[in-house]
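Sharing a structure below in structure tokens format, with a few things to ask.
The values are calculated or read from the model by the stated rules, or taken from the named source; none is laboratory data. All figures in this text were calculated on a predicted structure; none of them were measured in a lab. Positions of Cβ are backbone-derived with ideal geometry, glycine not excepted, and every protein chain shown enters the neighbour counts.
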Amino acid sequence: MSSEHQPVVVLSRALDQAGDALAAIRADDLDKPTPCEGWTVRELADHLAAAPEHFLQMARGEEVDWSAGTGVEPERLAAHFESRADDLIHHWHGQPDDQVATADWQSAELAVHTWDLVRALGRPVALDEEVAERGLAFMQQGLTPDNRGEAFRAEVAVPAGATAYDRLAAFAGRDPRA
């Protein structure tokens, strides 16, 4: 069943699975490379853990330094993330019905980086297909070959029948077959 609040429901699940991925990191994972080119698990995890706080800063009209990390030790990233994720969901529950659809871009950001992290860890973490589907749909609405910037490489071809996460990762310029 879908409703106008589905973007917030899906964002909540995106936050849950990102928190699970952050909690799965072990000390010997921190220096592993990730599909996010040039980033280690340590760097990506810090970026992902900072995302809810950055989303809230943006919602408050504050200037956001997307390169700023959390400033916390790696073993505290999951707890840091979870507390800010709760704050973010509370924010969304207080928004007017006509604004909740914009939560999809946050789900897209979280979904791509959660996929990156899970791939780098090489351990199974359950990923919600609807999070990937909504994130991909959002990205396809506005991300073009001309505005990909440094964050997204060119889209990678995937075979028919690829999972929602493989299609999302490929659209974001990651090779799910690598």
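Across segment 112-158, what is the number of residues that are closer than 12 Å to Phe171 by Cβ, part of a helix (DSSP H, G or I) and either touching a Leu at 6+ places or on another chain (Cβ under 6 Å) or not small (Gly, Ala, Ser) (or both)?
The total comes to 10.
Right, something else. Just give me the residues in segment 1-39 being assigned to a loop (DSSP other than H, G, I, E, B) and crowded, with 18+ Cβ neighbours inside 10 Å, in sequence order.
Ile25, Thr34, Pro35, Cys36, Trp39
From Ser12, Ser83, Ser67, Ser3, grab the single residue that is over 19 Å from Ala108 (Cα atoms) and either in contact (Cβ under 8 Å) with a residue 60 or more places away in the chain or hydroxyl-bearing (Ser, Thr, Tyr) (or both).
Going through Ser12, Ser83, Ser67, Ser3 in turn, the sole match is Ser83.
How many of the residues in segment 126-161 are at pLDDT below 85 and in contact with a helix residue (DSSP H, G or I) (Cβ under 6 Å, 6 or more places away or on another chain)?
Counting residues in segment 126-161 that are at pLDDT below 85 and in contact with a helix residue (DSSP H, G or I) (Cβ under 6 Å, 6 or more places away or on another chain) gives 2.
For segment 72-86, how many residues meet the condition of being exposed (fewer than 13 other Cβ atoms within 10 Å of the Cβ) and closer than 13 Å to His54 by Cβ?
The qualifying residues number 0.
Picking from Val72, Val100, which residue would you name as being of a type in the set (Val, Ile, Thr) and in a helix (DSSP H, G or I)?
Just one listed residue meets the conditions, Val100.
Further question: In segment 63-108, what count of residues is obtained for those that are closer than 20 Å to Asp128 by Cα and touching a His at 6+ places or on another chain (Cβ under 8 Å)?
Here the count works out to 1.
Yes/no matrix, rows are residues, columns are (1) aliphatic (A, V, I, L, M); (2) within 24 Å of Asp31 (Cβ to Cβ):
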position: Pro96; (1), (2): no, no
position: Gln99; (1), (2): no, no
position: Thr102; (1), (2): no, no
position: Ala108; (1), (2): yes, no
position: Val125; (1), (2): yes, yes
position: Glu130; (1), (2): no, no
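For Ala160, indicate whether it is exposed (fewer than 13 other Cβ atoms within 10 Å of the Cβ) and touching a Lys or Arg at 6+ places or on another chain (Cβ under 9 Å).
Spelling it out, it is not the case that Ala160 is exposed (fewer than 13 other Cβ atoms within 10 Å of the Cβ) and touching a Lys or Arg at 6+ places or on another chain (Cβ under 9 Å).
In this structure, is Leu56 more than 20 Å from Leu136 (Cβ to Cβ), in contact (Cβ under 8 Å) with a residue 24 or more places away in the chain and touching a His at 6+ places or on another chain (Cβ under 7 Å)?
yes
Same structure, new question: Tell me the residue from Trp105, Trp92 that is surrounded by 14 or more Cβ atoms within 10 Å (Cβ to Cβ), aromatic (Phe, Trp, Tyr) and closer than 22 Å to Glu37 by Cβ, please.
Trp105 is the lone residue from the list that is surrounded by 14 or more Cβ atoms within 10 Å (Cβ to Cβ), aromatic (Phe, Trp, Tyr) and closer than 22 Å to Glu37 by Cβ.
Here's a follow-up. Give segment 40-66 a look and list any residue that's at negative phi, exposed (fewer than 13 other Cβ atoms within 10 Å of the Cβ) and either more than 15 Å from the chain's Cα centre (by Cα) or charged (D, E, K, R) (or both), or say none.
Within segment 40-66, Arg60, Glu62, Glu63, Asp65 meet the criteria.
Output the residues belonging to segment 120-157 that are farther than 29 Å from His5 by Cβ and either touching a strand residue (DSSP E or B) at 6+ places or on another chain (Cβ under 9 Å) or buried (at least 21 other Cβ atoms within 10 Å of the Cβ) (or both).
Ala120
Could you grab me the full set of residues in segment 163-178 that are surrounded by fewer than 17 Cβ atoms within 10 Å (Cβ to Cβ) and either within 19 Å of the chain's Cα centre (by Cα) or closer than 11 Å to Trp115 by Cα (or both)?
Thr163, Asp175
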